[in-house]
Amino acid sequence: MIIITRPDATEEQIEHIVARIRFWGLKAEVSRGAMRVVIGVIGPEDKIREKPLGAFPGVESVTPVLKPYKLVAYEFRGTASQVKIGGIGVGGKELVLMAGPCSVESEDQITTIARAVREAGAKILRGGAFKPRTSPYSFQGLGKLGLQLLATARKETGMPIITEVMDTKDLELVAEYADCLQIGARNMQNFSLLREVGRLNVPVMLKRGMSATIKDLLMSAEYILAEGNFNVLLCERGIRTFETMSRNTLDLNAVPILKSETHLPIVVDPTHGIGIRQHIPSMALAAVAAGADSIMMEVHNAPEQAKSDGEQALLPNDFRDVVERMRAVAKAVGREM
Ligand code: PEP
Ligand code: MN
């Protein structure tokens, strides 16, 4: 249920509403807008329905959220949320670029790529230290050393870092280093991991599972917000379809649908979405046109030597070129870069 207060509601009235909701054993999430305060009431629906929420002084309206997802629903905030990753706001007017290698491989590799992508206009550095690989015999990431190398690259370039956490047992360690935690497609429905990151106050980028519907993605995000962490970004990274000519099928339908269904910022990863280096720029431009708040791309200075996903990594020069073209599209759809 969503309570919207009147513009002239006093702080005392708002506190009274919140205190009462908590007294009833329900949760209250307060979002403050310029004119009104939105109070989300969370708990068993039948229990909420019997409470006289409309009777409080200072209340303008009480509306049920009929969707299965509540806290992530657009109406819960009534406006787009911005998530700050190390001081960089995602979800505002600015289109934010995240770039870096699939995996962190060495100090020289990560710092060289970090410098190149920063110069081209990327704001956030990506790189995996814990890698979810299809084969147990493939490179699994450098683990803690990878996190330390990311921290070195952050120190050198000033870029905040996003990196994947695969397991609850590594969460404390990864959260020590990461400015934003990435939950990979394969873990989108790892509910214990979602709950654990929900208890932290660190931004989380949740990637869509390869067989997940948009609704599944929203329901998974709901787990994180339900634990109290509202700093969540959603990432479309391609889904499995019958198509075999591309690695995945980048579902750009998800972008406008998610933008209207949720207040959370939307990231698109065209790299894993299509998986073919030559075609990534086209899909990146399309993602900007579709309204993404952020684009994530894999870049490598020597893709032929990459320990993972070399075939889909852009060279730094390709990245620079696509960023320039993205600026024009961003401008056309009213965004800044
Ligand atoms: C990645 O970003 O490197 C990655 C493994 O992505 P996904 O979880 O989307 O496959
Ligand atoms: Mn990858």
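The values are calculated or read from the model by the stated rules, or taken from the named source; none is laboratory data. Not measured: the values here are computed from a predicted model. As a convention, Cβ positions derive from the backbone with ideal geometry for all residues, glycine included, and neighbour counts pool all protein chains shown. Areas reflect the complete protein model, heavy atoms only, side chains present, ligands, DNA and RNA absent. Shrake-Rupley method; radii C 1.70, N 1.55, O 1.52, S 1.80 Å.
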* Net charge of neighbours whose Cβ lies under 14 Å from the Cβ of F23, counting Lys and Arg as +1 and Asp and Glu as -1 -> +4
* Asked: Over the heavy atoms of R20, what accessible area does a 1.4 Å probe trace out, to the nearest 10 Å²?
  -> 90
* **Ranking by accessible area, most exposed first, for D167, D8, D179 with a 1.4 Å probe** => D8, D167, D179
* Structure fact -> Taking every other residue with Cβ under 10 Å from the Cβ of A306 and scoring Lys and Arg +1, Asp and Glu -1, one gets -4
* **Two-site label geometry, S260 and D46: point separation in nm, points 7 Å out along Cα→Cβ** => 3.4
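Give the shape of segment 117-186 as rounded, prolate or oblate, defined through the alpha-carbon gyration tensor: a ≥ b ≥ c are the square roots of its eigenvalues, a/c under 1.5 means rounded, and otherwise the shape is prolate if a/b is larger than b/c and oblate if not.
prolate
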* Asked: Of the heavy-atom accessible surface of segment 1-42 (probe 1.4 angstrom), what whole percent is carbon and sulfur?
  -> 52
* Using the Kirkwood radius built from alpha carbon pairs, what does the Stokes-Einstein equation give as D for segment 12-135 at 20 °C and 1.002 mPa s, in µm² per second? -> 116
* Where N is the number of residues in segment 2-64, Cα Rg divided by 2.2 N^0.38 Å -> 1.00
* Gyration tensor verdict on segment 69-112 (Cα atoms; rounded if a/c is under 1.5, prolate if a/b is larger than b/c, oblate otherwise) -> prolate
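Determine the equivalent ellipsoid of segment 220-331 by diagonalising the alpha-carbon gyration tensor, then write out the semi-axes as square roots of 5 times the eigenvalues, largest first, rounded to whole Å.
Working from the Cα gyration tensor, I get semi-axes of 25, 16, 15 Å.
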* Asked: For segment 97-106, in order, what is each residue's ³J(HN,Hα) by Karplus, 6.51 cos²θ - 1.76 cosθ + 1.60 with θ = phi - 60°, in whole Hz (x at glycine and Pro)?
  -> 9, 10, 8, x, x, 4, 10, 6, 10, 7
* To do: Among the listed pairs K67/K259; K123/K169; K93/K259; K207/K307; K93/K207; K70/K169, give every one whose C-alpha distance is greater than 18 Å.
  => K123/K169; K207/K307; K93/K207; K70/K169
* Square roots of 5 times each gyration tensor eigenvalue, C-alpha, segment 113-229, largest first, Å -> 24, 16, 14
* Is segment 83-332 rounded, prolate or oblate when judged by the Cα gyration tensor, a ≥ b ≥ c being the square roots of its eigenvalues, rounded requiring a/c under 1.5 and prolate requiring a/b larger than b/c? -> rounded
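How do the peptides 90-102, 31-43 rank, highest first, by the average count of neighbouring beta carbon atoms within 10 Å per residue?
Values: 90-102: 23.5, 31-43: 16.5.
The peptides rank, most packed first, as 90-102, 31-43.
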* Report, to the nearest whole %, how much of the accessible area of segment 83-332 belongs to carbon and sulfur atoms, 1.4 Å probe, protein only. => 49
* Using a 1.4 angstrom probe, figure out how much accessible area the chain has per residue, in square angstrom, rounded to the nearest whole. => 43
